[in-house]
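Engineer: This is the structure, below, for whatever I ask next.
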Amino acid sequence: MLFFKKLLDFYIKTSLHVAFAVFCLVKITNFELQINEYNFYSLLVFFGTIVSYNLLKYFEFFSNNSWNFNKHKAILGVTFLAIIGYSYLFFKQKSNVQIHLIEVGILVLVYPFLRKYAILKISLVALCVAIISVQIPYLGMKFLSFDYYINFVQRFIFVLIWIIPFEIYDSKTDATTLNTIVQKYGIKRSKLIGMLLVIPFLILEFLKLNYSFSIILIAIALVLFLNFSSVKRNEYYTSFWVESIPIFWWILFLILKRFIF
């Protein structure tokens, strides 16, 4: 049991889990478009998420000179390997994909300067995820369909909702100067905002030419995780279970593909 816990902690703290979740969001778009991705783009996103997430997550450790090599060597090792993997696959991509990835990289670098602006901060994260998981996969299409705009907005909304349980859990340790959405509106109102956002997230699905009923289960999951979010929850509630929602979403698509289509 102790070995399993250490393995799970390694998986979460090195950002492999969140990277796999964003990887699944790319796969969902590929499924909806019924396209074969170019040069392992989803794997590039996996590596890129590890690098960018670890950069942001451990930024304060570096800035406060509280980084401990022995304690964080696993994170450094995984991040270094991810940089190699990302760099290799980056140069395998088409130029228009590379340009968009550079733009996302610039947005990631802007993030630390927006930490005190709650709405801007989470909106920036949502925008980055929407670009890499929706906009870039659509670059291979000859024209942008109506579904593209729906998918982009829907993915943006999904990430906004997805972040709120993390904001709630982190509120017990966040500095008051961070001005997070929970500090600004309180836990109950933050949950209400998230639940209200589930409505357009769900409605948008049925405006698509090719909609999926799996979205109903994902909407229910978002509502339930929001409802039971609390500062008293175990850290695995957010860092594992909430982060797993895109993974469950992708699994639902695979099940539908196998048994319905």
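Engineer: Exactly one condition in (1) over 23 Å from residue 250 (Cβ atoms); (2) more than 19 Å from the chain's Cα centre (by Cα); (3) crowded, with 19+ Cβ neighbours inside 10 Å is false for residue 74; which is it?
Structural biologist: (3)
Engineer: Is it the case, given these coordinates, that residue 89 is modelled with pLDDT of 95 or more, out of contact with any Lys or Arg (no Cβ under 7 Å at 6 or more places or on another chain) and of a type outside the set (Ser, Thr, Tyr)?
Structural biologist: Spelling it out, residue 89 is indeed modelled with pLDDT of 95 or more, out of contact with any Lys or Arg (no Cβ under 7 Å at 6 or more places or on another chain) and of a type outside the set (Ser, Thr, Tyr).
Engineer: Filter segment 1-27 down to the residues that are of a type in the set (A, V, I, L, M) and over 21 Å from residue 238 (Cβ atoms), then identify the one that is modelled with the highest pLDDT.
Structural biologist: Filtering first and then ranking leaves 26.
Engineer: Filtering segment 219-234 down to residues that are open to solvent by less than 70 Å² (accessible area, probe 1.4 Å) and without any contact (Cβ under 8 Å) to a residue 40 or more places away in the chain, which residue is nearest to residue 187 (Cα to Cα)?
Structural biologist: So, considering only residues that are open to solvent by less than 70 Å² (accessible area, probe 1.4 Å) and without any contact (Cβ under 8 Å) to a residue 40 or more places away in the chain, the one nearest to residue 187 (Cα to Cα) is 223.
Engineer: Since residue 108 meets every condition but one in (1) surrounded by fewer than 15 Cβ atoms within 10 Å (Cβ to Cβ); (2) assigned to a helix (DSSP H, G or I); (3) in contact with a helix residue (DSSP H, G or I) (Cβ under 9 Å, 6 or more places away or on another chain), which condition does it not meet?
Structural biologist: In the conditions (1) surrounded by fewer than 15 Cβ atoms within 10 Å (Cβ to Cβ); (2) assigned to a helix (DSSP H, G or I); (3) in contact with a helix residue (DSSP H, G or I) (Cβ under 9 Å, 6 or more places away or on another chain), residue 108 misses (1) alone.
Engineer: Can you work out which of the residues in segment 1-52 that are β-branched (Val, Ile, Thr) and farther than 25 Å from residue 110 by Cβ is least open to solvent (accessible area, probe 1.4 Å)?
Structural biologist: Result: 28.
Engineer: Could you say which residue among 23, 40, 31 is at positive phi and of a type outside the set (Asp, Glu)?
Structural biologist: From the options 23, 40, 31, the qualifying one is 40.
Engineer: So, of the residues in segment 116-136 that are part of a loop (DSSP other than H, G, I, E, B) and open to solvent by 30 Å² or more (accessible area, probe 1.4 Å), which turns out to be nearest to residue 28 (Cα to Cα)?
Structural biologist: Once the filter is applied, the top-ranked residue is 117.
Engineer: Pull up segment 137-152, narrow it to residues that are open to solvent by 30 Å² or more (accessible area, probe 1.4 Å) and among the hydrophobic types (A, V, I, L, M, F, W, C), then point me to the one that is modelled with the highest pLDDT.
Structural biologist: Step by step, filter segment 137-152, then rank; the result is 152.
Engineer: For residue 206, indicate whether it is surrounded by 12 or more Cβ atoms within 10 Å (Cβ to Cβ) and within 18 Å of the chain's Cα centre (by Cα).
Structural biologist: The answer is no for residue 206.
Engineer: Which ones in segment 180-203 are crowded, with 18+ Cβ neighbours inside 10 Å and among the charged types (D, E, K, R)?
Structural biologist: 191
Engineer: Answer with yes or no whether residue 215 is at pLDDT 90 or above, among the β-branched types (Val, Ile, Thr) and crowded, with 20+ Cβ neighbours inside 10 Å.
Structural biologist: For residue 215, the condition - at pLDDT 90 or above, among the β-branched types (Val, Ile, Thr) and crowded, with 20+ Cβ neighbours inside 10 Å - is met.
The values are calculated or read from the model by the stated rules, or taken from the named source; none is laboratory data. Treat the numbers as computed from the prediction; the structure is a model and nothing was measured. Every residue, glycine as well, gets a Cβ built from its backbone with ideal geometry; the counts of neighbours run over all protein chains shown. These area figures cover heavy atoms from the full protein model, side chains too; ligands, DNA and RNA do not enter into them. Shrake-Rupley method; radii C 1.70, N 1.55, O 1.52, S 1.80 Å.
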